[in-house]
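Trainee: Please find one structure pasted underneath; my questions will follow.
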Amino acid sequence: MTFLTGHKPMVVGRGIRTGIRIATDQPASVGADLVADAVAGAQEHEGPLLIFDLGTATTCSVVDGNRTYLGHIIMPGIRISQDALTERTSQLPHVRFEKPRHEIIYDPDLLLKGLWYIYNKKESES
């Protein structure tokens, strides 16, 4: 099956080699967006990693230092910026918000980079 471009689309899903190991109870249920984020994160940064995606839902994925995707949490309906999260948390009297002990890297293109890495991996194996 081809489309307007004359090429068959690559679908990130079961059977696509990504360069990371997915070690969850149900690997097939991990969303392609989370996989692409994890691939780019593991490719560009030393693990372990916590990868937050602040979209329609807020997700947090965990990738260890061996490029293994360990799992994620999904918080539906929460879309706030990091600054707003910091501000709201610091207003709670029983919560003590400290500066992070590790570097926080903002990369709005992480998902697209992950798709690029996956595509290049597939092409190099062909």
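Trainee: Expressed as a rounded percentage, what relative contact order does the range 30-77 have, with Cα pairs under 8 Å and six or more residues apart?
Mentor: 29 percent
Trainee: Also, I was wondering about something else. Can you pull out the trypsin sites (Lys or Arg not before Pro) in the range 1-60 whose DSSP state is coil and whose Cβ has at most 14 other Cβ atoms within 10 Å?
Mentor: Here the trypsin sites (Lys or Arg not before Pro) that fit, given the DSSP loop and packing criteria, are Arg14, Arg17.
Trainee: What ranking do 34-42, 116-124 get when scored by the average of other Cβ atoms within 10 Å per residue, highest first? Let's see the in-between values first.
Mentor: Details: 34-42: 24.0, 116-124: 14.1.
The most tightly packed comes first, giving 34-42, 116-124.
Trainee: Work the Kirkwood hydrodynamic radius out for the range 17-78: mean of 1/r over every pair of different alpha-carbon atoms, inverted, in Å.
Mentor: Taking every pair of different Cα atoms in the range 17-78, averaging 1/r and inverting gives 11.5 Å.
A short reminder: the numbers here are calculations on the coordinates, not readings from a lab. On a predicted model such as this, the values are computed, not experimentally measured, just so you know. Virtual Cβ from ideal backbone geometry, glycine too; neighbours counted across all protein chains shown.
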